[in-house]
Amino acid sequence: MVVALIIALSPFQAALRSLILPGWGQASLGASPRTSWVVETVLGLGTFLSWREGLRAEDRARMFALRNARPEGGITERFFDLAEGYETFEAYRNDLYRQARDLYPGDPEAQTAYVNARLPGFRWAWPDRSTWFAYADLRGVARTWGNRTRVLVGLLVAHHVVSALDAYFRARDAGISLSFDAGPGGEARLLFSRSF
């Protein structure tokens, strides 16, 4: 025999429970939380795995740059961005001078000050363009994982909000429910239903 424990909750209390853990408010009202818990588990696990893979991809890209770009000097976080954007330190310096000439035409002192203020304390040079492009590809993979993680976090937040709204309406007006459904193709649907 299955016994359901139904607790008298205000709509706010039910919504707060489901905002914290989707399905908790619904379960307290006697509805099945199974779907909410499955969605929460899948989204939570997907977010964690995506985040972890993004960190691994970024580590692979950084190790590749440290092995191949021949960095010299005090490496900072900025190195990884500059090494992706410019094949060599000299190419970056030349680009800074081009910017300085555009900003301060006819003023060599201001141009030099502009460049010196932006030059890093390290140097690098990729051995060839194909290696440099390979690094850019590795950084692109890491960014893709980061974007996927942000989307999954957004879906998690949306799932919490929809679950809270559903619990609120269930507690306030019996027969009204909201559900959030993420399809296999990545599409998301918000379903509103009311029984008469």
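Kindly indicate the residue of the range 69-103 that is outside any helix (DSSP H, G or I) and of a type in the set (S, T, Y) and also nearest to the chain's Cα centre (by Cα) among those meeting that condition.
T76
For residues in the range 99-129 being loosely packed, with under 15 Cβ neighbours inside 10 Å and in contact (Cβ under 8 Å) with a residue 40 or more places away in the chain, which is farthest from E87 (Cα to Cα)?
My answer is G121.
Within the range 51-68, restricting attention to residues that are among the basic types (K, R) and over 18 Å from the mean Cα position of the chain (by Cα), which residue is surrounded by the fewest Cβ atoms within 10 Å (Cβ to Cβ)?
Ranking the qualifying residues of the range 51-68, first place goes to R67.
Those residues that are within 14 Å of R60 (Cβ to Cβ) and more than 18 Å from the chain's Cα centre (by Cα), I need them from the range 132-158; list them, please.
A134, Y135, A136, D137, listed by residue number.
From L29, L9, which residue is in contact (Cβ under 8 Å) with a residue 40 or more places away in the chain, over 15 Å from R139 (Cα atoms) and surrounded by fewer than 19 Cβ atoms within 10 Å (Cβ to Cβ)?
Going through L29, L9 in turn, the sole match is L9.
Please determine, by comparing only the residues of the range 105-131 that are in contact with a helix residue (DSSP H, G or I) (Cβ under 6 Å, 6 or more places away or on another chain) and in a helix (DSSP H, G or I), which one is farthest from M63 (Cα to Cα).
Of everything passing the filter in the range 105-131, Q111 is farthest from M63 (Cα to Cα).
Only residues that are surrounded by 15 or more Cβ atoms within 10 Å (Cβ to Cβ) and aliphatic (A, V, I, L, M): list them for the range 135-144, please.
Result: L138, V141, A142.
Which condition breaks for T47 when tested against (1) within 30 Å of F169 (Cβ to Cβ); (2) over 23 Å from the mean Cα position of the chain (by Cα)?
Answer for T47: the failing condition is (2).
Which is modelled with pLDDT under 90, closer than 20 Å to W124 by Cα and out of contact with any His (no Cβ under 8 Å at 6 or more places or on another chain), of G30, G74, G25, G85?
Unique residue meeting the criteria: G74.
The values are calculated or read from the model by the stated rules, or taken from the named source; none is laboratory data. Bear in mind that the values here come from a model prediction, so they are computed numbers and not experimental data. Using ideal geometry, Cβ is built from the backbone for each residue, glycine included, and neighbour counts are taken over all protein chains shown.
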